[in-house]
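Below: the structure, in structure tokens.
The values are calculated or read from the model by the stated rules, or taken from the named source; none is laboratory data. As the structure is a computational prediction, the values presented were derived from the model and not from experiment. Reconstructed Cβ throughout: ideal geometry from the backbone, glycine too, with neighbour counts over all protein chains shown. Heavy atoms of the whole protein, side chains included, go into the accessibility calculation; ligands, DNA and RNA do not. Shrake-Rupley method; radii C 1.70, N 1.55, O 1.52, S 1.80 Å.
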Amino acid sequence: MTLLQYEAPWPVYALDWCKTTAPGQQIRPRSAFRLGIASFSEDYRNRIAIVGLQDERVLVEDNYPDYSDFVTLAEAHHGYPATSLQWQPSTAPSFAWSQKSVATELLATTGDALRVWEYMSDGQVGGSSYVGRTGSGTGSRLQLKTCLSGQSKVQNQNSSAPLTNFSWNEKAPSLVVTSSIDTTCTVWNIDSSQAITQLIAHDREVYDVAWLPGSTDIFVSVGADGSLRAFDLRSLEHSTILYETPAPKSVPPPPGSPSSSARPLTQPLLRICFNPHDSNYMATFHVDGTSVQILDMRSPGQPVMELTAHQAPVTAARWSTSERPLLATAGDDCQLLLWDLAGHTTAPATSPRNASSRLNSPRPDTKKRIISDPVMAYTSGCEISNMAWSPYMNSMTLNTGHSTGPGEWLVIAMGREIQVLKV
């Protein structure tokens, strides 16, 4: 297994792998192997950075001691810790932006606000002013483009509450939906820097949100009330509850709840992500839970699969984007596990629901399957706090004449250390 490493100057939490090559550059390892990372410290001195390969030869030669595998290309002050960091979707370069140069790439972060950043890589740097600094002698710059925060709909909340996560729309990259601890989700147009709509999504904090692949109308969210809900921007007067964590028996409603009929406190749901190849399927897990639940939108109410191999709380779950996507899960047991669920899923009778269809697919009768055999397991040196997939990469030829094999890579964060693994 190819293993690359990088030691950050601070503990890393939020991170992502670039999804597009740098503007004007060919598909080369230096352009494809770029990571966005963000520090996590409980103060207002947090930073974000772009790191990239220092020498392409580390991809084909073991133990290249003369170089660090990655080097900082650019960094900027972030203040509040970033709860999520994402590069622009792969569709962004072909999108008709009104406020963006073709020579720049976008990143976004959430924390105390939704921030959109412009990154200008080597040879693309213009003469504009910027927030941040040039990294390690390169000509790259990371510049704050917009900072978006709005009035909260929640009573007694004049300013916006911290944001927990966001989802960037693949089909329309100007659309971003954010989740907040104030129970709301907000849909933003980042091209016009306007909030399109804000809705009270859950009874308690919202922890994660995800667009339905291929749709600009439907998104789902999970939160501290233990529910997974779906929303359609074309009919916001109601939401669809796809799953609720079973309520513990003989537990009274939470204090301060508006009625005695309020649900008792249940185990919060922390993350939600869609299978990009079959968007009927989603993966979620509970706060402090050691298993991962796989849900089918066609049969809401209970998971169709449960993945049970972690020995400590799960911290992250992400699908790859290949034709036969793998689900990667990571946890406080220092384990990175890869799951191939293709043999356990029911192929959709038609293509996965598109933007024009509603949440009313046929519901096959299913019983929950317990799956405890991942196809790959990697044990790291310490607890894994987060991870991200690379896009699928074809073979690339280096300047030395060597070629890299095709495939996907995973980056995992463990304290200050980042490891990059070839799958």
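Observations on the structure shown:
- Within the stretch 385-402, the set of residues being in a loop (DSSP other than H, G, I, E, B) and at pLDDT below 85 comprises L398, N399, T400, G401, H402.
- Answer from L53, L4, L35 - the residue that is under 18 Å from the mean Cα position of the chain (by Cα) and modelled with pLDDT of 85 or more: L35
- Criterion: under 23 Å from T315 (Cβ atoms), assigned to a strand (DSSP E or B) and aromatic (F, W, Y) - qualifying residue of F166, F231: F166
- Checking each residue in the stretch 271-328 for being acidic (D, E) and either open to solvent by 10 Å² or more (accessible area, probe 1.4 Å) or free of Cβ contacts under 8 Å to residues at least 24 places away in the same chain (or both) picks out D278, D288, E306, E323.
- Complete set of residues in the stretch 371-404 that are open to solvent by less than 30 Å² (accessible area, probe 1.4 Å), in contact (Cβ under 8 Å) with a residue 60 or more places away in the chain and closer than 15 Å to G331 by Cβ: I384, N386, M387
- Residue tally, condition open to solvent by 20 Å² or more (accessible area, probe 1.4 Å) and farther than 25 Å from Q5 by Cα, over the stretch 57-89: 1
- Pairs, first open to solvent by 10 Å² or more (accessible area, probe 1.4 Å) in the stretch 98-120, second of a type in the set (G, A, S) and outside any loop (DSSP other than H, G, I, E, B), C-beta under 7 Å, six or more apart: R115/A108
- Candidate set from the stretch 189-226 (those that are hydroxyl-bearing (S, T, Y) and more than 19 Å from the chain's Cα centre (by Cα)); member that is nearest to K145 (Cα to Cα): S193
- The set of residues in the stretch 209-235 being of a type in the set (S, T, N, Q) and open to solvent by less than 10 Å² (accessible area, probe 1.4 Å) consists of S215, S221, S227.
- Flag for S261 being modelled with pLDDT under 90, of a type in the set (S, T, Y) and more than 27 Å from L212 (Cα to Cα): yes
- Selected residue (criterion: nearest to F40 (Cα to Cα)) from residues of the stretch 169-182 that are open to solvent by less than 20 Å² (accessible area, probe 1.4 Å), of a type outside the set (G, A, S) and part of a loop (DSSP other than H, G, I, E, B): D182
- Across the stretch 183-198, the number of residues qualifying as on the phi < 0 side of the Ramachandran plot and buried (at least 18 other Cβ atoms within 10 Å of the Cβ) comes to 8.
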